[in-house]
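Asks: Here you go, one structure.
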Amino acid sequence: MKDRLTEIGFAAGWRLVRTLPLPAARALFNAAADRAYRKNGPGTQRLRRNLTQVLGREAPDQLVRDGLRSYARYWLEAFRLPSGTRQQFLDGFGISPEHYDYLKTAMSEGTGVVLALPHLANWDAAAAWVASNDWPMVTVAERLKPEGVYRQFLAYREKLGMQVIPLTGGERPPLDLLAERLQQGWMVCLLGDRDLSRGGVEVEFFGGRTRMPAGPAILAIRTGAPLYAADLSFTPTQTYAVLRPITPPVDGPLDVRVKATTQMLADAFAAGIAEHPQDWHMLQKLWL
C-alpha cells in the first residue's frame, strides 16, 4: 500500500503541477521547502552537515534554507518539463558560446562526449537541452523502489529525449553499452558525485574521503572520447552550465589512470559546488 501511494503521489505531481500557473506552483514549492527547513528532519540535517563540510565551518541557516528551495525548484521544474516545447528547453538552459562549441565540435566529429555531473541545479533540463540540439544522448538510472516510480522516471526521461540504461538488472553491463554508444557518436551523461555501487574510486573531496563512480573515467580512457565535468547552477530563469575539460593520463596501469582521472573530476566538481553550494542537492550521506 505504501509503494502504491508513492506511485500515485508521483503520478499526481506530474499531472497536477503542470496545470498550475508558474507563480502559484513556485510559491507552493517554496512553502514546502520552508516547511522542511522548520521541521529539520533527517534530510535537512544531512544537507546541513554536507554544506558544513563544503564550507569548512557551520553552514548558516540561510544557506540551508536556500538549498532546500533550490531542491524544491528542481522538483517543480522536473514535474513541469514533460509539457515543455523544444524552444522552451533551449531557452531554459544557458551555456557560453565557447563551451557550446566544445560539444558541437565533438558531436559533429563523431567522437562522442562523456559529461560527468554532480547533483547540481537541474540535470534533467540539461538533458532536454541536449536532445533539443538533436544530439543522441544516453544515461544510466538507478532502479528506484517502488518499481512503479522507477517506470515513471524512465518514461519521463525518455520523453525528454534520452535513452536510459538501468544501473542493475539489464541484459548487458552498462559500461559496455555506454562504450558502444560513444563509438557511435553519442553523448553519455552520468551523475558522478555519489557512488551507488559501493565499489567506486576513493577520492579526496572538500577535505574528506568519499567514493565516486569510476564509469566516466573508464569510458573516457577506453574510448578516447573527450571528458568534461559539467558544473550546473540556477539563474532566475535558467539552468546554466560551465564545462571543465578533464584530460586523463595516458601512461601507467589502468587502475592508476582511472583513480587519477576520478580525482580530477572530484576537484572539478568541488570548484563548481564551492561557487554555488545552495544548488548542490546532496541530502544523502556522502563522506566515509
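The values are calculated or read from the model by the stated rules, or taken from the named source; none is laboratory data. Everything numeric here is computed off the predicted structure, so don't read it as measured data. A quick note on method: Cβ atoms are made from the backbone with ideal geometry, for glycine too, and the neighbour counts reach across all protein chains shown.
Asks: Restricted to segment 76-87, and to residues that are buried (at least 16 other Cβ atoms within 10 Å of the Cβ) and modelled with pLDDT of 90 or more, which residue is farthest from THR139 (Cα to Cα)?
Replies: Among residues in segment 76-87 that are buried (at least 16 other Cβ atoms within 10 Å of the Cβ) and modelled with pLDDT of 90 or more, the one farthest from THR139 (Cα to Cα) is LEU76.
Asks: Considering only segment 64-74, I want to know if a residue exists there that is of a type in the set (Gly, Ala, Ser) and touching a strand residue (DSSP E or B) at 6+ places or on another chain (Cβ under 8 Å). Write out each step before concluding.
Replies: Keep residues of segment 64-74 that are of a type in the set (Gly, Ala, Ser), which gives 67, 70, 72.
Narrowing the set further to residues that are touching a strand residue (DSSP E or B) at 6+ places or on another chain (Cβ under 8 Å) leaves 67, 70.
Checking segment 64-74: at least one residue is of a type in the set (Gly, Ala, Ser) and touching a strand residue (DSSP E or B) at 6+ places or on another chain (Cβ under 8 Å).
Asks: OK, next. Of all the residues that make up segment 276-288, how many are out of contact with any strand residue (DSSP E or B) (no Cβ under 7 Å at 6 or more places or on another chain) and either without any contact (Cβ under 8 Å) to a residue 40 or more places away in the chain or part of a helix (DSSP H, G or I) (or both)?
Replies: 2
Asks: In segment 101-118, which residue that is surrounded by 15 or more Cβ atoms within 10 Å (Cβ to Cβ) and not aliphatic (A, V, I, L, M) is nearest to the chain's Cα centre (by Cα)? Step through it out loud before you land on a result.
Replies: Of all residues in segment 101-118, those surrounded by 15 or more Cβ atoms within 10 Å (Cβ to Cβ) come to 102-103, 106-107, 111-118.
Next, from what is left, pick out any that are not aliphatic (A, V, I, L, M): 102, 111-112, 118.
Numbers: TYR102: 20, THR111: 22, GLY112: 19, PRO118: 5 Å.
Across segment 101-118, the extreme among qualifying residues is PRO118.
Asks: Something else about it: Checking the structure you have, find out if any residue of segment 233-241 is touching a residue at least 24 places away in the same chain (Cβ under 8 Å), surrounded by 23 or more Cβ atoms within 10 Å (Cβ to Cβ) and hydroxyl-bearing (Ser, Thr, Tyr).
Replies: yes
Asks: Give me the pairs: first residue in segment 34-57 and over 14 Å from PHE205 (Cβ atoms), second residue β-branched (Val, Ile, Thr), beta-carbon distance under 7 Å, and six or more apart or on different chains, which are they?
Replies: Taking only residues 6 or more apart or on different chains, the pairs are ALA36/THR44; TYR37/THR44; TYR37/VAL64; THR44/VAL64; LEU47/VAL64; ARG48/VAL64.
Asks: From the list PRO249, PRO245, PRO216, which one is assigned to a loop (DSSP other than H, G, I, E, B) and either surrounded by fewer than 22 Cβ atoms within 10 Å (Cβ to Cβ) or assigned by TED's automatic domain parsing to the domain that holds TRP186 (or both)?
Replies: Values: PRO245 fails: assigned to a loop (DSSP other than H, G, I, E, B); PRO216 fails: assigned to a loop (DSSP other than H, G, I, E, B).
PRO249 is the lone residue from the list that is assigned to a loop (DSSP other than H, G, I, E, B) and either surrounded by fewer than 22 Cβ atoms within 10 Å (Cβ to Cβ) or assigned by TED's automatic domain parsing to the domain that holds TRP186 (or both).
Asks: OK, next. How many residues does segment 89-112 contain that are closer than 20 Å to PRO136 by Cα and either small (Gly, Ala, Ser) or not assigned by TED's automatic domain parsing to the domain that holds TYR228 (or both)?
Replies: Total satisfying the criteria: 6.
Asks: In this structure, is LEU90 modelled with pLDDT of 95 or more and surrounded by fewer than 19 Cβ atoms within 10 Å (Cβ to Cβ)? Give the derivation first.
Replies: Details: modelled with pLDDT of 95 or more: yes; surrounded by fewer than 19 Cβ atoms within 10 Å (Cβ to Cβ): yes.
It is true that LEU90 is modelled with pLDDT of 95 or more and surrounded by fewer than 19 Cβ atoms within 10 Å (Cβ to Cβ).
Asks: In addition: Go through segment 243-263 and give me each residue that's under 27 Å from GLN184 (Cβ atoms) and touching a residue at least 24 places away in the same chain (Cβ under 8 Å).
Replies: Once the filter is applied, which keeps residues that are under 27 Å from GLN184 (Cβ atoms) and touching a residue at least 24 places away in the same chain (Cβ under 8 Å), segment 243-263 yields LEU243, ARG244, PRO245, ILE246, PRO248, LEU254, ARG257, VAL258, THR261, THR262.
Asks: Return yes when VAL140 is modelled with pLDDT of 95 or more, of a type outside the set (S, T, N, Q) and touching a Leu at 6+ places or on another chain (Cβ under 8 Å) and no when it is not. Break it down into steps so the answer makes sense when it comes.
Replies: Values: modelled with pLDDT of 95 or more: no; of a type outside the set (S, T, N, Q): yes; touching a Leu at 6+ places or on another chain (Cβ under 8 Å): yes.
Spelling it out, it is not the case that VAL140 is modelled with pLDDT of 95 or more, of a type outside the set (S, T, N, Q) and touching a Leu at 6+ places or on another chain (Cβ under 8 Å).
Asks: Report yes if some residue within segment 147-159 is at pLDDT 80 or above and of a type in the set (A, V, I, L, M, F, W, C); otherwise report no.
Replies: First pass over segment 147-159, keeping only residues at pLDDT 80 or above: none.
The answer is no; no qualifying residue exists.
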